[in-house]
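What follows is one structure encoded as C-alpha coordinates, with my remarks underneath.
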There are 2 protein chains.
Amino acid sequence: MSNKGDILNKLTQQGYRITPQRIMILEAVEDAENHISAEEIYIFVCARYPNVNISTVYRTLELLKELELVTETDFGDGRVRYHSIKKGHHHHLVCQKCGGIIDVDESVFAPLRESLSGKYGFEADIHHLAIFGTCKKCK
Amino acid sequence: MSNKGDILNKLTQQGYRITPQRIMILEAVEDAENHISAEEIYIFVCARYPNVNISTVYRTLELLKELELVTETDFGDGRVRYHSIKKGHHHHLVCQKCGGIIDVDESVFAPLRESLSGKYGFEADIHHLAIFGTCKKCK
DNA sequence: ATTGCAGCTGCGAATTGTTGCATCTACATA
DNA sequence: TATGTAGATGCAACAATTCGCAGCTGCAAT
(Lines give C-alpha, C1' and ligand atoms only; values in the text may rest on other atoms or scores of the structure.)
Protein backbone atom coordinates (compact mmCIF):
# COMPACT_ATOMS: atom_id res chain seq x y z
CA MET A 1 0.00 0.00 0.00
CA SER A 2 1.43 3.34 -1.02
CA ASN A 3 2.19 6.18 1.33
CA LYS A 4 2.32 9.90 0.75
CA GLY A 5 5.90 9.82 -0.53
CA ASP A 6 5.06 7.27 -3.18
CA ILE A 7 2.17 9.36 -4.37
CA LEU A 8 4.36 12.43 -4.66
CA ASN A 9 6.90 10.37 -6.62
CA LYS A 10 4.14 9.21 -8.92
CA LEU A 11 3.25 12.83 -9.61
CA THR A 12 6.85 13.76 -10.36
CA GLN A 13 7.39 10.76 -12.62
CA GLN A 14 4.46 11.75 -14.77
CA GLY A 15 5.72 15.29 -15.19
CA TYR A 16 3.46 16.91 -12.62
CA ARG A 17 4.77 19.24 -9.96
CA ILE A 18 4.70 19.00 -6.23
CA THR A 19 3.19 22.15 -4.79
CA PRO A 20 2.23 23.00 -1.22
CA GLN A 21 -1.39 23.14 -2.28
CA ARG A 22 -1.28 19.64 -3.71
CA ILE A 23 0.39 18.25 -0.61
CA MET A 24 -2.23 19.78 1.63
CA ILE A 25 -5.13 18.61 -0.50
CA LEU A 26 -3.72 15.12 -0.64
CA GLU A 27 -3.33 15.06 3.14
CA ALA A 28 -6.90 16.22 3.58
CA VAL A 29 -8.19 13.31 1.53
CA GLU A 30 -5.86 10.79 3.18
CA ASP A 31 -6.68 11.96 6.70
CA ALA A 32 -10.41 12.04 6.18
CA GLU A 33 -12.30 9.35 8.06
CA ASN A 34 -14.96 9.11 5.40
CA HIS A 35 -15.79 10.48 2.02
CA ILE A 36 -15.01 14.17 1.95
CA SER A 37 -16.38 16.92 -0.26
CA ALA A 38 -14.37 19.53 -2.14
CA GLU A 39 -15.78 22.19 0.18
CA GLU A 40 -14.64 20.28 3.26
CA ILE A 41 -11.18 19.81 1.79
CA TYR A 42 -11.06 23.52 1.07
CA ILE A 43 -11.91 24.37 4.69
CA PHE A 44 -9.38 21.85 5.99
CA VAL A 45 -6.59 23.20 3.81
CA CYS A 46 -7.41 26.85 4.46
CA ALA A 47 -7.09 26.28 8.20
CA ARG A 48 -3.35 25.75 7.82
CA TYR A 49 -2.58 27.34 4.49
CA PRO A 50 -4.84 30.29 3.82
CA ASN A 51 -5.37 31.77 0.37
CA VAL A 52 -5.76 28.44 -1.33
CA ASN A 53 -8.38 28.72 -3.97
CA ILE A 54 -11.35 26.43 -4.24
CA SER A 55 -10.72 25.98 -7.95
CA THR A 56 -7.27 24.61 -7.15
CA VAL A 57 -8.97 22.06 -4.92
CA TYR A 58 -11.22 20.99 -7.78
CA ARG A 59 -8.36 20.87 -10.24
CA THR A 60 -6.17 18.82 -7.91
CA LEU A 61 -8.98 16.37 -7.23
CA GLU A 62 -9.49 16.03 -10.97
CA LEU A 63 -5.80 15.22 -11.35
CA LEU A 64 -5.75 12.72 -8.48
CA LYS A 65 -8.79 11.07 -10.00
CA GLU A 66 -7.05 10.69 -13.36
CA LEU A 67 -4.02 9.17 -11.66
CA GLU A 68 -6.38 6.81 -9.85
CA LEU A 69 -5.32 8.00 -6.43
CA VAL A 70 -8.79 9.05 -5.34
CA THR A 71 -12.28 8.06 -6.39
CA GLU A 72 -15.31 10.24 -6.77
CA THR A 73 -18.79 9.26 -5.67
CA ASP A 74 -22.06 11.09 -6.18
CA PHE A 75 -24.37 10.35 -3.28
CA GLY A 76 -27.10 12.39 -4.88
CA ASP A 77 -27.14 15.05 -2.17
CA GLY A 78 -25.97 17.79 -4.50
CA ARG A 79 -22.27 17.46 -3.94
CA VAL A 80 -19.70 14.94 -5.02
CA ARG A 81 -17.44 13.30 -2.44
CA TYR A 82 -13.90 11.98 -2.66
CA HIS A 83 -12.13 9.07 -1.09
CA SER A 84 -8.54 7.86 -1.02
CA ILE A 85 -8.00 4.73 -3.05
CA LYS A 86 -5.80 3.42 -0.25
CA LYS A 87 -8.91 2.65 1.73
CA GLY A 88 -10.02 0.14 -0.85
CA HIS A 89 -12.64 -0.12 -3.50
CA HIS A 90 -16.21 -0.42 -2.44
CA HIS A 91 -19.68 0.62 -3.43
CA HIS A 92 -22.60 2.22 -1.65
CA LEU A 93 -26.27 1.43 -1.46
CA VAL A 94 -28.08 4.68 -0.80
CA CYS A 95 -31.62 4.40 0.61
CA GLN A 96 -33.84 7.03 -0.96
CA LYS A 97 -36.26 6.93 1.96
CA CYS A 98 -34.12 7.11 5.10
CA GLY A 99 -30.92 8.37 3.48
CA GLY A 100 -28.91 5.54 5.03
CA ILE A 101 -25.80 4.25 3.29
CA ILE A 102 -24.72 0.61 3.22
CA ASP A 103 -21.18 -0.17 2.13
CA VAL A 104 -20.79 -3.08 -0.24
CA ASP A 105 -17.64 -4.90 -1.19
CA GLU A 106 -16.45 -4.66 -4.75
CA SER A 107 -16.73 -8.43 -5.18
CA VAL A 108 -20.52 -8.21 -5.42
CA PHE A 109 -20.04 -6.49 -8.75
CA ALA A 110 -17.62 -9.05 -10.16
CA PRO A 111 -20.31 -11.15 -11.90
CA LEU A 112 -21.69 -8.05 -13.59
CA ARG A 113 -18.26 -7.01 -14.73
CA GLU A 114 -17.59 -10.47 -16.14
CA SER A 115 -20.93 -10.52 -17.86
CA LEU A 116 -20.31 -7.16 -19.55
CA SER A 117 -16.85 -8.28 -20.56
CA GLY A 118 -18.05 -11.59 -21.97
CA LYS A 119 -21.16 -10.36 -23.80
CA TYR A 120 -20.02 -6.96 -24.97
CA GLY A 121 -16.24 -6.98 -24.70
CA PHE A 122 -16.60 -3.95 -22.44
CA GLU A 123 -14.20 -3.50 -19.53
CA ALA A 124 -16.29 -1.75 -16.91
CA ASP A 125 -14.43 0.66 -14.70
CA ILE A 126 -16.62 0.51 -11.63
CA HIS A 127 -14.60 1.17 -8.55
CA HIS A 128 -16.90 3.34 -6.58
CA LEU A 129 -20.56 3.40 -7.38
CA ALA A 130 -23.59 4.70 -5.55
CA ILE A 131 -26.71 2.66 -6.20
CA PHE A 132 -30.05 4.12 -5.17
CA GLY A 133 -33.01 2.17 -3.89
CA THR A 134 -34.81 1.13 -0.71
CA CYS A 135 -33.19 -0.51 2.29
CA LYS A 136 -34.55 -3.39 4.35
CA LYS A 137 -35.98 -1.16 7.08
CA CYS A 138 -37.84 1.15 4.70
CA LYS A 139 -39.36 -1.50 2.47
CA MET B 1 -47.94 0.90 -23.74
CA SER B 2 -49.29 4.18 -22.44
CA ASN B 3 -49.97 7.19 -24.61
CA LYS B 4 -50.02 10.86 -23.77
CA GLY B 5 -53.65 10.78 -22.62
CA ASP B 6 -52.90 8.03 -20.11
CA ILE B 7 -50.00 9.97 -18.70
CA LEU B 8 -52.14 13.07 -18.27
CA ASN B 9 -54.77 10.94 -16.52
CA LYS B 10 -52.14 9.56 -14.23
CA LEU B 11 -51.14 13.09 -13.29
CA THR B 12 -54.74 14.08 -12.56
CA GLN B 13 -55.40 10.95 -10.52
CA GLN B 14 -52.50 11.71 -8.25
CA GLY B 15 -53.68 15.24 -7.60
CA TYR B 16 -51.32 16.97 -10.01
CA ARG B 17 -52.51 19.51 -12.50
CA ILE B 18 -52.35 19.53 -16.27
CA THR B 19 -50.72 22.74 -17.42
CA PRO B 20 -49.67 23.82 -20.91
CA GLN B 21 -46.06 23.77 -19.76
CA ARG B 22 -46.30 20.18 -18.61
CA ILE B 23 -47.94 19.08 -21.83
CA MET B 24 -45.21 20.69 -23.89
CA ILE B 25 -42.41 19.26 -21.78
CA LEU B 26 -43.94 15.81 -21.92
CA GLU B 27 -44.24 16.04 -25.70
CA ALA B 28 -40.62 17.09 -25.97
CA VAL B 29 -39.48 13.99 -24.08
CA GLU B 30 -41.84 11.67 -25.97
CA ASP B 31 -40.87 13.05 -29.37
CA ALA B 32 -37.16 12.95 -28.73
CA GLU B 33 -35.31 10.35 -30.74
CA ASN B 34 -32.74 9.83 -28.06
CA HIS B 35 -31.94 10.94 -24.58
CA ILE B 36 -32.62 14.64 -24.27
CA SER B 37 -31.21 17.16 -21.84
CA ALA B 38 -33.20 19.71 -19.86
CA GLU B 39 -31.64 22.47 -21.93
CA GLU B 40 -32.76 20.83 -25.17
CA ILE B 41 -36.27 20.38 -23.82
CA TYR B 42 -36.30 24.04 -22.85
CA ILE B 43 -35.31 25.11 -26.37
CA PHE B 44 -37.88 22.77 -27.91
CA VAL B 45 -40.68 24.07 -25.70
CA CYS B 46 -39.72 27.72 -26.07
CA ALA B 47 -39.96 27.43 -29.84
CA ARG B 48 -43.72 27.03 -29.61
CA TYR B 49 -44.53 28.40 -26.19
CA PRO B 50 -42.18 31.19 -25.24
CA ASN B 51 -41.77 32.41 -21.68
CA VAL B 52 -41.52 28.96 -20.19
CA ASN B 53 -38.97 28.99 -17.48
CA ILE B 54 -36.06 26.58 -17.34
CA SER B 55 -36.81 25.90 -13.69
CA THR B 56 -40.27 24.69 -14.66
CA VAL B 57 -38.58 22.25 -17.01
CA TYR B 58 -36.43 20.92 -14.21
CA ARG B 59 -39.35 20.72 -11.81
CA THR B 60 -41.53 18.93 -14.33
CA LEU B 61 -38.79 16.43 -15.12
CA GLU B 62 -38.37 15.84 -11.39
CA LEU B 63 -42.09 15.13 -11.15
CA LEU B 64 -42.16 12.82 -14.17
CA LYS B 65 -39.21 10.98 -12.67
CA GLU B 66 -41.04 10.45 -9.39
CA LEU B 67 -44.06 9.14 -11.26
CA GLU B 68 -41.72 6.84 -13.16
CA LEU B 69 -42.70 8.25 -16.52
CA VAL B 70 -39.18 9.26 -17.49
CA THR B 71 -35.75 8.08 -16.41
CA GLU B 72 -32.68 10.14 -15.82
CA THR B 73 -29.19 9.12 -16.89
CA ASP B 74 -25.91 10.82 -16.17
CA PHE B 75 -23.55 10.23 -19.07
CA GLY B 76 -20.80 12.06 -17.29
CA ASP B 77 -20.57 14.88 -19.81
CA GLY B 78 -21.74 17.43 -17.30
CA ARG B 79 -25.42 17.23 -17.99
CA VAL B 80 -28.09 14.78 -17.13
CA ARG B 81 -30.32 13.41 -19.90
CA TYR B 82 -33.91 12.20 -19.85
CA HIS B 83 -35.72 9.46 -21.65
CA SER B 84 -39.35 8.38 -21.87
CA ILE B 85 -40.04 5.17 -20.03
CA LYS B 86 -42.18 4.08 -22.97
CA LYS B 87 -39.03 3.30 -24.85
CA GLY B 88 -38.08 0.66 -22.33
CA HIS B 89 -35.56 0.21 -19.59
CA HIS B 90 -31.97 -0.17 -20.57
CA HIS B 91 -28.51 0.77 -19.49
CA HIS B 92 -25.52 2.30 -21.19
CA LEU B 93 -21.89 1.39 -21.38
CA VAL B 94 -19.96 4.58 -21.95
CA CYS B 95 -16.44 4.22 -23.36
CA GLN B 96 -14.14 6.74 -21.74
CA LYS B 97 -11.71 6.60 -24.66
CA CYS B 98 -13.82 6.92 -27.79
CA GLY B 99 -16.98 8.27 -26.16
CA GLY B 100 -19.08 5.54 -27.76
CA ILE B 101 -22.23 4.31 -26.05
CA ILE B 102 -23.43 0.71 -26.09
CA ASP B 103 -26.99 0.03 -25.02
CA VAL B 104 -27.47 -2.92 -22.71
CA ASP B 105 -30.67 -4.66 -21.79
CA GLU B 106 -31.89 -4.41 -18.24
CA SER B 107 -31.73 -8.19 -17.82
CA VAL B 108 -27.93 -8.08 -17.57
CA PHE B 109 -28.38 -6.33 -14.24
CA ALA B 110 -30.91 -8.80 -12.83
CA PRO B 111 -28.27 -10.98 -11.09
CA LEU B 112 -26.79 -7.92 -9.39
CA ARG B 113 -30.20 -6.78 -8.23
CA GLU B 114 -30.96 -10.24 -6.85
CA SER B 115 -27.62 -10.39 -5.14
CA LEU B 116 -28.15 -7.03 -3.42
CA SER B 117 -31.64 -8.05 -2.42
CA GLY B 118 -30.54 -11.41 -1.04
CA LYS B 119 -27.40 -10.32 0.79
CA TYR B 120 -28.41 -6.88 2.00
CA GLY B 121 -32.21 -6.77 1.75
CA PHE B 122 -31.73 -3.73 -0.47
CA GLU B 123 -34.12 -3.17 -3.37
CA ALA B 124 -31.96 -1.46 -5.96
CA ASP B 125 -33.76 1.01 -8.16
CA ILE B 126 -31.59 0.76 -11.25
CA HIS B 127 -33.61 1.45 -14.33
CA HIS B 128 -31.20 3.46 -16.29
CA LEU B 129 -27.57 3.41 -15.45
CA ALA B 130 -24.47 4.62 -17.22
CA ILE B 131 -21.42 2.48 -16.60
CA PHE B 132 -18.03 3.85 -17.58
CA GLY B 133 -15.15 1.84 -18.92
CA THR B 134 -13.37 0.80 -22.11
CA CYS B 135 -15.06 -0.71 -25.13
CA LYS B 136 -13.81 -3.60 -27.25
CA LYS B 137 -12.27 -1.38 -29.95
CA CYS B 138 -10.34 0.81 -27.53
CA LYS B 139 -8.90 -1.93 -25.35
C1' DA C 1 23.25 29.93 -7.92
C1' DT C 2 20.74 31.41 -12.09
C1' DT C 3 17.66 30.82 -15.72
C1' DG C 4 13.84 29.21 -18.77
C1' DC C 5 9.58 27.69 -19.17
C1' DA C 6 5.87 24.26 -18.78
C1' DG C 7 2.87 23.62 -15.51
C1' DC C 8 0.26 25.63 -11.58
C1' DT C 9 -2.38 29.04 -9.04
C1' DG C 10 -5.60 32.75 -7.93
C1' DC C 11 -9.11 35.46 -9.41
C1' DG C 12 -13.26 36.52 -11.43
C1' DA C 13 -16.71 35.33 -14.52
C1' DA C 14 -19.47 31.85 -16.72
C1' DT C 15 -22.19 27.64 -16.52
C1' DT C 16 -25.49 24.36 -14.82
C1' DG C 17 -28.85 23.24 -11.82
C1' DT C 18 -31.71 24.33 -7.35
C1' DT C 19 -34.55 27.00 -4.17
C1' DG C 20 -37.55 30.66 -1.90
C1' DC C 21 -41.17 33.37 -2.56
C1' DA C 22 -44.84 36.20 -4.47
C1' DT C 23 -48.15 35.69 -7.94
C1' DC C 24 -51.07 33.08 -10.79
C1' DT C 25 -54.20 29.34 -12.31
C1' DA C 26 -56.41 24.58 -12.94
C1' DC C 27 -60.03 22.53 -11.34
C1' DA C 28 -63.21 20.74 -7.59
C1' DT C 29 -67.12 22.45 -5.31
C1' DA C 30 -70.98 25.13 -4.67
C1' DT D 1 -70.91 30.05 -14.01
C1' DA D 2 -68.43 31.92 -10.00
C1' DT D 3 -65.20 30.99 -6.32
C1' DG D 4 -61.57 29.14 -3.09
C1' DT D 5 -57.41 27.19 -2.77
C1' DA D 6 -53.71 23.84 -3.28
C1' DG D 7 -50.63 23.31 -6.55
C1' DA D 8 -47.82 25.45 -10.40
C1' DT D 9 -45.14 29.11 -12.45
C1' DG D 10 -41.72 32.88 -13.21
C1' DC D 11 -38.21 35.31 -11.46
C1' DA D 12 -34.21 36.23 -9.14
C1' DA D 13 -30.96 34.73 -5.83
C1' DC D 14 -28.11 30.99 -4.65
C1' DA D 15 -24.93 26.91 -4.70
C1' DA D 16 -21.66 23.79 -6.88
C1' DT D 17 -18.40 23.41 -10.31
C1' DT D 18 -15.74 24.86 -14.39
C1' DC D 19 -13.08 27.93 -17.33
C1' DG D 20 -10.07 31.78 -19.31
C1' DC D 21 -6.30 34.18 -18.46
C1' DA D 22 -2.48 36.76 -16.47
C1' DG D 23 1.03 36.15 -13.39
C1' DC D 24 3.74 32.95 -10.45
C1' DT D 25 6.80 28.93 -9.33
C1' DG D 26 8.86 24.13 -9.11
C1' DC D 27 12.44 22.05 -10.98
C1' DA D 28 15.65 20.55 -14.66
C1' DA D 29 19.38 22.18 -17.19
C1' DT D 30 22.95 25.18 -17.28
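Answer with yes or no whether A:HIS83 is surrounded by 12 or more Cβ atoms within 10 Å (Cβ to Cβ) and away from DNA strand D (no atom under 13 Å from the Cβ). So A:HIS83 passes the test. Residue count for region A:3-24 satisfying the condition of being more than 15 Å from A:GLU66 (Cα to Cα) and either in a helix (DSSP H, G or I) or in contact with a helix residue (DSSP H, G or I) (Cβ under 7 Å, 6 or more places away or on another chain) (or both): 9.
Give region A:7-38 a look and list any residue that's among the charged types (D, E, K, R) and either within 13 Å of DNA strand C (Cβ to nearest atom) or surrounded by 12 or more Cβ atoms within 10 Å (Cβ to Cβ) (or both), or say none. Even if it seems obvious, please write down each step before you answer.
Filtering region A:7-38 for residues among the charged types (D, E, K, R) gives A:10, A:17, A:22, A:27, A:30-31, A:33.
Matches in region A:7-38: A:LYS10, A:ARG17, A:ARG22, A:GLU27, A:GLU30.
Screening A:GLY121, A:GLY133 for residues that are touching a residue at least 24 places away in the same chain (Cβ under 8 Å) and either open to solvent by less than 40 Å² (accessible area, probe 1.4 Å) or within 10 Å of another protein chain (Cβ to nearest Cβ) (or both) leaves exactly one candidate, A:GLY133.
Determine whether A:LYS65 is in a loop (DSSP other than H, G, I, E, B) and within 14 Å of chain B (Cβ to nearest Cβ). Answer is no for this residue. Each residue in region A:100-118 was checked for being under 30 Å from B:GLU66 (Cβ atoms) and in contact (Cβ under 8 Å) with a residue 12 or more places away in the chain, and 8 of them qualify. Screening region B:39-59 for residues that are open to solvent by 70 Å² or more (accessible area, probe 1.4 Å) and in contact (Cβ under 8 Å) with a residue 24 or more places away in the chain and picking the one that is farthest from DNA strand C (Cβ to nearest atom) gives B:ARG48.
The values are calculated or read from the model by the stated rules, or taken from the named source; none is laboratory data. In this text, all values refer to a predicted model and were calculated from it rather than measured experimentally. So basically every Cβ, Gly included, is an ideal-geometry build from the backbone, and we count neighbours across all protein chains shown. The accessibility values were calculated without ligands, DNA or RNA, using every heavy atom of the protein model including side chains. Shrake-Rupley method; radii C 1.70, N 1.55, O 1.52, S 1.80 Å.
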